[in-house]
Structures are given as structure tokens and as C-alpha cells.
Amino acid sequence: MPPIKMFVDEGTLAANVSINPNITELLGNKDTDLTCSFFLDKNENIFNVELFAKDISKDFHDKKPIAIFKPDNAAKLHTSGNYLLGRVTLTNITHASTNATLQFHELKYIDEKDYMCKCNVRDTEGAHSVVKSATTRILVKVPVRDVHINNQPNQTQYDRKTDNITLTCTAIGDPEPKYMWFKGNNNNTIISWTNRYVIEDVIQNNSGVYTCKAYNKINNVYYSHSNTVLIDIVDELMSSTVSALSKNSAVHAAYAVPILIAVVLIVICLAVRKHRRKQSQIYKPDYTSVTWRNNNAVEKEGENDCFDMKEVKINSRNEKQQNGNDFVAY
């Protein structure tokens, strides 16, 4: 498509200015050029070229160009074009130039605007004229990406008690992505052309891997991205009662373990204590308990005061008493 031109005839003015036709590029593109082309009569000189931009829904502001090109001077961004700093290159022009170009090194969403060139011309008599181009537009597009699948009910397994399973696919892209669904490795059979697929018959035969493919078309090129989800359908899910019992058992076990440990510790402590008592009895000194009664004493049954009794402990290994008293062993 040839450049968009606008001719303005003011007296003998023969200058005309044009700009690229509409441009559609991908987000992040690094070689997008926006070029103002101008053609002058031999009696005309260019004073400067200004490049304007506006949001698609607004009007141009003639006093706020984003870039200014002046012959034999360095091209520069106007304050209105500061959002382009570090992302564009401007070509310098001379009086003999016929093009002024702004090149994007990184195209962003904010660059999706309408653009217009304005050429300020002077003739040999010093008359000043303005020539404007028609409007062109840069469209920034995004190849499809970030494909996600949501399954409802959101479970790891299903059985016949489930009414249906709804799979919903979402993706990012501009233009808006379109969708198609496949099951298993059969990519030749499309089971749905929308972003949603419903498994109405929840049986084991419908278990498997489901694939959502999202795609969009930009400048006659198709872009696509896919994601998958595994749907596992069983004969019967574990009942909620069994599940609850298992959960309760786990809770009880959590409480029982510390109690069991405490009981074991108590038993061990008692056993150690009993063992120590036995050891102390085994190592007691050898002695015999006896009662010493005087020869003149008379013992009466049940009356301890009727005799003078002294209990002494005499080592069996000691020498025999030499005093002639009688000893009675218990």
C-alpha cells in the first residue's frame, strides 16, 4: 500500500506530505518505523517536520508534537513524547532530505495510537505554509499466551454420582483468542470449538487427558498455545463416612501416642525402682534377731511388762558370749 498523502495548494505551494499506511505489529517488536515523507517545489524550503500522536478516541493537539525534525539540527523528542525516551531513534534531516523517521526499538501497548505528520514550509518570498499528512494508526497485537484450564467440580477424581464435569479454558491475546478441544493424542478430532467443554456422561471411558488449544491470527499468521488437564473417573469414590472415620482415627492416634509413651515411661520407672529394692535386700549384713531374758524374769503371755526383754542384733559370725546368760532365738 502506498504512503498516505495529503496535498495542500496555497497559491503556488506544491509541497505534499505522507506517512506510513496503518501498521499492525506485535507487542515488543523491535523494528517498527514511522516515516514522514515530504516533497517540495524548487522554490520551497522546509522549516521543520513535526510528528503528532493521539489516543484513538481523542483529537490531535496541534501544539504538542511528540518529535521535531529540523534541517541541519539534531532531531529531538518534544516533552509530549517523553514516554518514548530510550525506546526510539530519530533520524536527522537536511534541506535536501525527503524523509523523517521515528524507529521503535520496543513496541508497547501505549504506542497503539493515531499518528500524523506536519511539514512547515517557507517559499522564496518568506511566506509560511503548513502541510499535513493524513492520519495513520499503529495497532499493537499480542500472540496468544498463558492458557489455563479450570475444571468444575474441582476434584482429583470423579465417579457416576457427579452430574457432569465442566472444563473452561482461558488465554491472553489480542485479537481475542479462539479455542478448540481434543481428547488424548487424537489431535485430528476436535470435540469442541469453544472455550468450554462439558463431560456429561461421567463414566470411566471418558477418563483421560483433555487438551485446550487457544489461537489467534495477526497479519495473516496464526499463533497458538496449549494446555492439558487429566480427568480421572472411577467406579466409586471412597465414601464420606469411611473418609471421616479415617480422619477420626488419625486424630485419635495423634492423642494416643503421647499417652502410650507416658505409660511406658511409668512402667520403666517402677521396674527400675523394684530392681533397686531387691539389690538393697541382697546386700544386707548377715545378722540374727534375738531376745535376751534375765534368769530371774518370769514371762507371762500377753504381758510384755512382766519381763525385761532387750532385743539385740548379734552377728552370727561373732564370737560366742562368755557371760553365761541364756539366749533364745526367734
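Note on HIS105, HIS78: ascending count of other Cβ atoms within 10 Å places them as HIS105, HIS78, the fewest first.
The peptide list 106-113, 83-90, put in order of mean Cβ contacts within 10 Å with the highest first, becomes 106-113, 83-90.
Rounded to whole numbers, the Karplus 3J(HN,Hα) couplings from phi for the range 105-111 are 8, 8, 7, 10, 4, 5, 7 Hz, using 6.51 cos²θ - 1.76 cosθ + 1.60 with θ = phi - 60°, and x at Gly and Pro.
For every other residue with a beta carbon closer than 11 angstrom to the beta carbon of ILE190, add +1 if it is Lys or Arg and -1 if Asp or Glu, then tell me the sum.
Neighbourhood net charge equals +2.
Rounded to the nearest whole Hz, the Karplus-based 3J(HN,Hα) values (6.51 cos²θ - 1.76 cosθ + 1.60, θ = phi - 60°) of the range 31-44 follow the sequence 9, 8, 10, 10, 10, 9, 10, 9, 10, 10, 6, 5, 8, 10, with x at glycine and proline. Proximity of backbone amide H atoms, modeled 1.01 Å from N, is registered between THR24 and LEU139 at under 5 Å, excluding neighbours fewer than 5 places apart on the same chain.
Across the range 58-68, rounded Karplus estimates of 3J(HN,Hα) from the backbone phi angles (6.51 cos²θ - 1.76 cosθ + 1.60, θ = phi - 60°) give 10, 9, 5, 10, 5, 9, 10, x, 8, 8, 10 Hz, Gly and Pro being marked x. Near the amide H of LYS108, within less than 5 Å, lie the amide hydrogens of GLY28, all on another chain or at least 5 residues away, with H placed in the peptide plane.
In a reduced charge model with +1 at each Lys and Arg Cβ and -1 at each Asp and Glu Cβ, the range 4-134 shows a dipole moment near 320 debye about its Cα centre.
Taken as Cα centroids, the range 145-215 and the range 80-131 sit 50 Å apart, rounded to the nearest whole angstrom. Highest-first packing order for the peptide set 190-200, 128-138 is 128-138, 190-200, based on the mean count of other beta carbon atoms within 10 Å.
Ordered by the number of other Cβ atoms lying within 10 Å of each residue's own Cβ, fewest first, LEU139, LEU51, LEU265 fall into the sequence LEU265, LEU139, LEU51. Near ASP159, the amide H atoms lying under 5 Å from its own belong to VAL234; only residues 5 or more places off or on other chains count, and H is placed 1.01 Å from N.
Each value in this text was obtained by applying a stated rule to the coordinates, not by laboratory testing. All of these numbers come straight from a predicted model, not from anything done at the bench. Please note: Cβ atoms are built from the backbone with ideal geometry, for glycine as well, and neighbour counts cover all protein chains shown.
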